[in-house]
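The structure appears below as structure tokens.
The values are calculated or read from the model by the stated rules, or taken from the named source; none is laboratory data. Note that this is a predicted model, so its numbers are computed, not measured. Using ideal geometry, Cβ is built from the backbone for each residue, glycine included, and neighbour counts are taken over all protein chains shown. Surface accessibility is based on the protein's heavy atoms, side chains included, excluding ligands, DNA and RNA. Shrake-Rupley method; radii C 1.70, N 1.55, O 1.52, S 1.80 Å.
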Amino acid sequence: MGTTEWAISVEFDTESALTASQLDALSDLGDLENVTVARRGGGGCTLLDTRAGDPLQAAEELVQLGAKWAAEIDVRAYMVGVRVMTSEQAEADALAPSVPALASAADAADLLGVSRQRVHQLSKQHPRFPAPIAHVAIGPLWTVDAIQWFASIWERRSGRPPKSRIA
Amino acid sequence: MAEDIDKLIRWAESQGWRVEIDNNGYRRFFAPDGEYVVRYPATPSNPRRRLLDVVTATRRYGLPWPAPSRAEQRADRRRIAKEENSGHD
């Protein structure tokens, strides 16, 4: 088994938002160590690195590097978070969708093997049909996962409903 | 890998981000709010890792990352099936 590589990110808050030139100065220092430096939403910055060996020691080293670099450019920085995961997990997280796959009525019809009209009918009448996640000009949108879940639990009955069910 | 960073740039720009290439060849990513967020070096020593770092940084700053389209999913399935078949030869 090869040596595990660890993806480490350390988040720093700063007293005031970093200027573009401060971020560039930190990035220049980061480049010397192959560390990526990025602005955090809400202020401060994140240091991203991948290292082999003891993950906690590697995280500690990155925290110290960040504090040292901030001091070098006269920025007061406070560590507010550390994330450590295997590089494989970090890659999977980085590339995982943050927006779910969506389906219009036409897409849902395609996934369920019915007409669009039937999708609208099911959405109004079937108690377990998923609620739409959004409504746009073309109509409701569902997540593909929800439609696939419905397909898995839907007991289809062909033909007309029995007379007793017709009002 | 250059293709991958170009693909990321095209996606980011389609979502209102701005990407500038400076005199040193850095690709500098600016969020829709105008903030400079991260840069990608001209000649990174580990391009794959740097690309993933930029993806992580831009996503954490709010760049949405969609599920692959159904056409892309079909293409992926075809590619995987082809690789599996060629592995059996």
Longest to shortest principal axis, alpha-carbon extents of the range A:62-167, angstrom | 81, 31, 22
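Taking the Cα centre of the protein assembly as shown as origin, work out the dipole magnitude from +1 charges on Lys and Arg Cβ and -1 charges on Asp and Glu Cβ, in debye rounded to 20. Show your work: numbers first, answer last.
Numbers: 32 positive and 35 negative charges, 471 e Å.
Rounded to the nearest 20 debye, it is 2260 debye.
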Mean other chain Cβ within 10 Å across A:94-102 is 5
Restricting to Cα pairs under 8 Å and 6 or more apart, the percent relative contact order of chain B works out to 18 percent
The range A:98-160: percent of C-alpha pairs farther apart than 14 Å?
-> 53 percent
Could you give the longest part of chain A that holds none of the GluC sites (Glu not before Pro) found in DSSP loops with at most 16 neighbouring Cβ atoms within 10 Å?
-> A:34-154
Where N is the number of residues in the range A:1-50, Cα Rg divided by 2.2 N^0.38 Å | 1.29
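Between B:Glu35 and B:Asn85, take the C-beta separation as r, use R0 = 51 Å, and let me know the FRET efficiency to the nearest 0.05. Show your work: numbers first, answer last.
Working: r = 47 Å, r/R0 = 0.93.
Calculated transfer efficiency: 0.60.
Per residue, how many Å² of accessible area does the protein assembly as shown show with a 1.4 Å probe? Spell out each step's value before the answer.
Details: 15270 Å² over 256 residues.
On a per-residue basis, the protein assembly as shown sits at 60 Å².
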Output the relative contact order of chain A, whole-number percent, from Cα pairs under 8 angstrom with separation of 6+ residues.
-> 22 percent
For the range A:1-72, the dipole about the Cα centre with charges only on Cβ (Lys and Arg +1, Asp and Glu -1), to the nearest 20 debye, works out at 160 debye
Which loop trypsin sites (Lys or Arg not before Pro) in the range A:85-167, with loop taken from DSSP, have no more than 14 other Cβ atoms within 10 angstrom of their Cβ?
-> A:Arg128, A:Arg156, A:Arg157
